[in-house]
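The structure appears right after this line, and notes come after that.
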Amino acid sequence: MRILVTGGAGYIGSNLVDTLIADGHEVFVVDNLSTGKITNIQHLLGHDRFHFVNDTILNEELMDRMVAAVDQVYHLAAVVGVKYVVEDPLNGIYTNVKGTEVVLEKAYKYWKRTVVASSSEVYGKSTAVPLHEAADRLLGPTTVARWSYAMAKAIDEHFAFAYANKGLPVSVVRYFNSYGPRLDPKGYGSVIAKFITQARLGQPITVFEDGQQTRCFTYIEDTVRGTILAGTVPAAIGDVFNIGSDQETKIIELAEMIRRLVGSKSEIISVPYRNVFGENFEETRRRVPDTRHAKEVLGFYAETPLEVGLRKTIAWFREAWPRHKLAPGRTDLAGYFDPGEEG
């Protein structure tokens, strides 16, 4: 097929593109490289079944042409990462909501099967773990910018289901802490990337608060497989799926595991949220997906144990980012890291 991947130069998007190319499809990518990287798709430039456009999904004329030319759409383009959302909530809201509106409007116009990438963030502060796709959402006040991303992704889902009610073949996937090769070594959008880089540089591994908050980490191969299943299984149309592992891990345990696997002597230290995000910030303590629905409908479950996935990720970091490339000439890394997407 001819497939469009928005955000295809990003971490998840580029890995998805690789799999689609390997499966024999012709792939078109639209990415403005605001957070995506040309290095993620460099190896595909010049490939006869790969086409890249450096532009924004907010360009409606472009998106009209692109969607019209393909058979299917995977919409992954978005502003992500807690730090970036908190620092510029307006950009996050506008890009995530308006961008999805544009993509779905064109998909509906030309009647193309579409997968919309959402996030576990939509569950907010809910403590009803494991979190089922139909569970109630619990968010903090609108004065806390932290929750604007959750709201924006929820609106994206509402758009998708509104079009589904009109018959559009669309599905939604909610990602739970994906990790693996091509994560940004600075820690953009990933606590795992942050910890690996800190451990490799021998710098303190910075854990927020007491480190007892938990997350479920999903290796990229599992993330991509779940995404493709949502776009190909007939019964997935009009539905939403948690794409994640149900292996719950404390952040302090994650830090200790990464330190051990890297072979680092880094100290693990506690950092208050307010030091990074300011006083007006809220976080959720546990986020665990209910994976039954994805298994029943898609036949999906995360296969990669955390330690196995971490070993592969660390090996990639060592090859792609030798230590001298991480922070050349720097001894003080304060402010160097995105605090990481622990949501």
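Laboratory data are not the source of any read-out in this text; all were calculated from the coordinates shown. Here the structure is a predicted model, which means the values were calculated and not measured. Backbone-built Cβ (ideal geometry, glycine too); neighbour counts: all protein chains shown.
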Check: How about segment 84-136: which chymotrypsin sites (Phe, Trp or Tyr not before Pro) there are in a DSSP loop, with at most 16 other Cβ atoms within 10 Å of their Cβ?
Finding: 111
Check: Among 212, 198, 42, whose mean-square fluctuation peaks in a Gaussian network model of the chain (Cα, cutoff 10 Å)?
Finding: 42
Check: Over 21 Å between Cα atoms, which of 37/194; 153/194; 109/295 qualify?
Finding: 153/194; 109/295
Item checked: Amide H partners (placed H, <5 Å) of residue 112, local residues excluded -> none
Margin query: Test of the criteria: in segment 104-198, which GluC sites (Glu not before Pro) are in a DSSP loop and have at most 11 other Cβ atoms within 10 angstrom of their Cβ?
Written below: none
Note to self: If the elastic network links every pair of Cα atoms under 10 Å, which of 96, 242, 165 fluctuates the most in the Gaussian network model of the chain?
What the structure shows: 165
Checklist line | Compactness index (Cα Rg / 2.2 N^0.38 Å), segment 145-255 | finding: 1.28
Item checked: Distant-in-sequence amide H partners of residue 74 (H built 1.01 Å from N, under 5 Å) -> 4, 5, 6, 115
Margin query: Springs between alpha-carbon pairs under 10 angstrom, Gaussian network model over the chain: which of 99, 202, 124 fluctuates most?
Written below: 202
Notebook entry, point to check: Which translational diffusion coefficient, to the nearest whole µm²/s, is obtained for the chain from the Stokes-Einstein equation, given a Kirkwood hydrodynamic radius over C-alpha pairs, 4 °C and 1.567 mPa s?
Noted result: 64 µm²/s
Next item on the list: Just subtract the alpha-carbon distance of residue 316 and residue 101 from 0.36 nm times their residue separation and send over the number in nm, one decimal.
Entry: 73.8 nm
Check: In degrees, nearest 10, range 0 to 90: what is the angle between the Cα axis of helix 148-165 and the longest Cα principal axis of the chain?
Finding: 20 degrees
Item checked: DSSP-defined beta bridges in the chain - what % are antiparallel, rounded to 5 -> 10 percent
Next item on the list: For helix 251-262, report the angle its Cα long axis makes with the longest principal axis of the Cα atoms of the chain; keep it between 0 and 90° and round to the nearest 10°.
Entry: 80 degrees
Next item on the list: Label segment 186-225 by shape, choosing from rounded, prolate and oblate, from the square roots a ≥ b ≥ c of the eigenvalues of the Cα gyration tensor; if a/c is under 1.5 it is rounded, and otherwise prolate applies when a/b is larger than b/c, oblate when it is not.
Entry: oblate
Next item on the list: Please determine, in degrees from 0 to 90 and to the nearest 10, the orientation of helix 306-320 with respect to the longest principal axis defined by the Cα atoms of the chain, where the helix direction is its Cα long axis.
Entry: 90 degrees
Next item on the list: Quickly estimate the mean residue ellipticity at 222 nm for the chain, helices only: each DSSP H run with n ≥ 4 gives -39500 (n - 2.57), and the total goes over all residues, rounded to 500.
Entry: -12000 deg cm²/dmol
